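Every read-out reported here was derived from the displayed coordinates using simple, explicitly stated rules and does not represent laboratory data. If you're wondering where the values come from, they're calculated on a predicted model, not measured in any experiment. Here the Cβ positions follow ideal geometry from the backbone for every residue, glycine too, while neighbour counts run over all protein chains shown.
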Amino acid sequence: MCGIVGYVGARECTEVLLDSLSKLEYRGYDSAGIAVFENGEIRTQKSKGKISDLIEKMDKEGRISGHCGIGHTRWATHGEPSDINSHPHGNANITIVHNGIIENYKKIKEFLEKKGYVFESQTDTETVAKLLDCFYEGNPLSTIQRVLDEIEGSYALGIMFKDYPNRIYAVRKDSPLIVASGENEAFIASDVPAVLKYTKNFYLLEQDEIAVLDNGRVEFYDDHGAPIRKEMHIADFDMEAAEKGGYAHFMLKEIHEQPTAVRTTVTPRISDGMPCLEECGMTYDRLKSYNNIFVVACGTAMHAGLVGKYVIEKIARIPVTVDVASEFRYRNPILCSEDLVILVSQSGETADTLEALRLAKRNGADTLSIVNVKGSSIARESDMVLYTHAGPEISVASTKAYMVQLSVFYLIAFALAYADGKISTEECKRLTSELQTVPEVIDKILEKPGDCQYVASQLVNSENLLYIGRGLDYALSMEGSLKLKEISYIHSESYAAGELKHGTISLVTSGMPVIAVATQRDLFDKTISNVKEVKARGAKVIMVTHENSDVDSDAADIVIGLPTIDDLLMPMTAVVPLQLIAYYTSVLRGNDVDKPRNLAKSVTVE
Ligand code: F6R
């Protein structure tokens, strides 16, 4: 949800800003812009569209040049994507970039208009720039603090004052921001991959802490303006992890990284063949103390929770409620201290999930987060955290993060079922060992993408399609459907196969593709009956099932057969063809696979 960067040092700042912004473009690509100190003046260049559009414009106008500047890539919230609404905002004296939403911007705007300020853009950000200007009396730190007292909402801000050339001020609340330092140079960025090319050393800014980057030095101040020392972190992945590495798209690369991601996430959490989650304080005794489990997340992460629910309820027999975070926050959920609330998030910064976590804590529930980005807000604020070790996920459409979220849910389910005496040690070891075979199976599926490419060629001109399944297959098909619609722009719905005939089957017309997921053998015959119902109405059926399943030739037009593993674990392998089908369909339709329209990777506004 918008990416911000800043640089102070000896390098040509425009190059660094554009390069760092390109690593953050997954956060939004409605417009881009930079502001740089050039000969003591703040100069700004910005443009609607992607960073490539900005570069084209800069090459026509002549690039600004200097050694200190800030940059922004936008996901529009207030005001359409346009040159005027692009960041940076401000004037020749104070210029800012902003990620987040200023909720009381209308009130501030009225206050400023009464003082004679005239607004150019429709953005909330311009009110912050003008409020800084209004309060400024020569001291940037106290001005920023005064502004922070007035603004409500979420923000990560990079600020430049003309009176202090070669200096950047940065502050955040509920939007991510890191400060990184190299030799005689310093950076700000919304995410670590933006600066990895230059340094691995970074600091995490806490709520309302202010960083001052001055000629490559970094100083930090608390929310009362007192200087503070902060712990430096070292990124545990390098540039390669944030590059395409020969793949046509990040999404394809990330799909192929799934076997390694599962191994890295699962292996350290197995001890003597048994799942072990004690690293975060989740002992068997603590696990079995919960009466209810809630899983709260958004989008793909929520879909991982749906699979988690089926698995936990099936083998551990504990009730699990899965909620979309934006609903959970406002439905006054009934929680108590015997409940566990599991928050799932790749970025660890999703605004609704973060607020759901805070709500759960206020209500006395135990909170456990499953998070990919180390040190992110959700990870830091939850009682316990289990990190997924997927490495940076750059593609806006999530794949490997979903995969590792599933693997953590399996570990939790096995541990819970064992702790509660629902499965024996032998069964727990068998399931755990089966989980460890999943990466090999995924590798096998990835070796032969031909079937998925063929399915994509059959879907490419469709306008609508359905995904159907039962039980775990239904939970999984939700993710398949989301993946396809977000990157191919083909409308699709996921439906419980048995529910279809209660209304939705009226949508089925001759030639309409229906992707049926049928990996759960206890439900296979039932799903086949539903498949036949759509087939009888002319649907073109693509079935994803075990390779040795007995599928009548009149039931499916195309069958994608998967190597057989325990049915419980099949979502981890069956999701791979669904991801590939979405990927190849998007490629065939000529879409920007890694940056689908209207989306952004990290949703830090509600
Ligand atoms: C879809 C996708 C989104 C995210 C959702 C939550 O491919 O990536 O649906 O899963 O925005 O994001 P995180 O996991 O960062 O909280």
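How long are the semi-axes of the equivalent ellipsoid of segment 446-593, defined as square roots of 5 times the Cα gyration tensor eigenvalues? Whole Å, largest first. Walk me through the numbers on the way to the answer.
Working: eigenvalues 85, 68, 37 Å².
With the √(5λ) rule applied to segment 446-593, the semi-axes are 21, 18, 14 Å.
I want the local charge near Ile34. Using Cβ-Cβ distances under 10 Å, sum +1 for each Lys or Arg and -1 for each Asp or Glu among the other residues. Computed value for this residue: +3.
In terms of distances greater than 32 angstrom between alpha carbons, the cross-link table entries Lys444/Lys532; Lys106/Lys309; Lys200/Lys288; Lys23/Lys173; Lys60/Lys483 yield Lys106/Lys309; Lys200/Lys288; Lys60/Lys483.
Across the cross-link table entries Lys48/Lys244; Lys374/Lys400; Lys253/Lys400; Lys485/Lys601; Lys107/Lys130, which are compared at the Cα atoms, the separations over 18 Å belong to Lys48/Lys244.
A simple rule links phi to the HN-Hα coupling: the Karplus curve 6.51 cos²θ - 1.76 cosθ + 1.60 with θ = phi - 60°, which for segment 447-453 gives 5, 10, x, x, 4, 5, 5 Hz, with x for Gly and Pro.
Work through the residues other than Met543 whose Cβ is under 15 Å from its Cβ and net out their charges, Lys, Arg +1 and Asp, Glu -1. Show your work: numbers first, answer last.
Details: positive: Arg470, Arg521, Lys526, Lys532, Lys535, Lys540; negative: Asp451, Asp473, Asp525, Glu533, Glu547, Asp550, Asp552, Asp554, Asp557.
It works out to a net charge of -3.
The modelled label-to-label distance between Glu240 and Phe111, using points 7 Å beyond Cα along the C-beta direction, is 5.2 nm.
Within a straight-line Cα-Cα reach of under 17 Å, Lys448 can be paired with the following aspartates and glutamates, leaving aside sequence neighbours fewer than 8 residues apart in one chain: Glu254, Glu257, Glu440, Glu547. Computed from backbone phi with θ = phi - 60° and the Karplus coefficients 6.51, -1.76 and 1.60, the 3J(HN,Hα) list for segment 487-501 is 10, 9, 6, 8, 6, 9, 10, 10, 10, 5, 3, x, 8, 3, 6 Hz; x is used for glycine and proline.
In this structure the amide hydrogen of Asp208, modeled in the peptide plane, comes within under 5 Å of the amide hydrogens of Arg172, Lys173, none closer than 5 places in sequence on its chain.
Here segment 189-220 is scanned for amide nitrogen atoms under 19 Å from the site 7 Å beyond the Cα of Glu15 along Cα-to-Cβ, giving 194-200, 216.
Just to check, using Stokes-Einstein with a Kirkwood Rh over alpha carbon pairs, what's the diffusion coefficient of the chain at 4 °C and 1.567 mPa s in µm²/s? Let's see the in-between values first.
Values: Rh = 25.3 Å.
My calculation gives 51 µm²/s for D.
With a Förster radius of 56 Å applied to the beta-carbon distance between Ser82 and Thr283, the computed FRET efficiency rounds to 0.55. By the count of neighbouring beta-carbon atoms within 10 Å, fewest first, Asp323, Asp352 end up ordered Asp323, Asp352.
Using only helices, what value at 222 nm comes out for the chain when you add -39,500 (n - 2.57) per DSSP H run of length 4 or more and divide by the total residues, to the nearest 500 deg cm²/dmol?
Details: 18 runs with 214 residues, N = 606.
So the calculated ellipticity at 222 nm is -11000 deg cm²/dmol.
When you count, for each residue, the other Cβ atoms within 10 Å and take the mean per peptide, how do 207-218, 71-82 rank with the highest first? The partial results should precede the final answer.
Working: 207-218: 18.7, 71-82: 21.6.
Per-residue mean Cβ counts within 10 Å order the peptides as 71-82, 207-218.
Measuring nothing but alpha carbons in segment 3-241 and taking Rh as the Kirkwood radius, the Rg to Rh ratio lands at 0.93. Between amide H atoms placed 1.01 Å from N, distances below 5 Å from His546 occur with Leu562, all of them 5 or more places distant or on a separate chain.
For the residues Ser337, Ser395, what sequence is obtained by ranking on other C-beta atoms within 10 Å, fewest first? Walk me through the intermediate numbers first.
Numbers: Ser337 11, Ser395 24.
Least crowded to most crowded, the residues run Ser337, Ser395.
The H on the amide N of Ser492, modeled in the peptide plane, is under 5 Å from the matching H of Leu465, each at least 5 residues off or on a different chain.
Along segment 10-19 the Karplus relation, 6.51 cos²θ - 1.76 cosθ + 1.60 evaluated at θ = phi - 60°, assigns HN-Hα couplings of 7, 5, 5, 5, 4, 4, 5, 4, 5, 5 Hz to successive residues, with x for each Gly and Pro.
The convex hull defined by the C-alpha atoms of segment 1-72 has an orientation-averaged projected area of 4.2 nm².
Hey, fewest Cβ within 10 Å first, where do Asp473, Asp223, Asp552 land in order? Walk me through the numbers before you get to the answer.
Details: Asp473 28, Asp223 16, Asp552 10.
Neighbour counts put them in this order, fewest first: Asp552, Asp223, Asp473.
What net charge do the residues around Met282 carry, taking every other residue with its C-beta under 14 Å from that of Met282, with Lys and Arg at +1 and Asp and Glu at -1? Spell out each step's value before the answer.
Details: positive: Arg269, Arg286, Lys288; negative: Glu278, Glu279, Asp285, Asp366, Asp383, Asp420.
Its environment carries a net charge of -3.
So if I take the centroid of the Cα atoms in segment 484-516 and the same for segment 401-467, what is the distance between those two points in Å? Measuring centre to centre over Cα atoms gives 23 Å.
Taking packing as the residue-averaged number of other Cβ atoms within 10 angstrom, the listed peptides 251-258, 497-504 run from highest to lowest as 251-258, 497-504.
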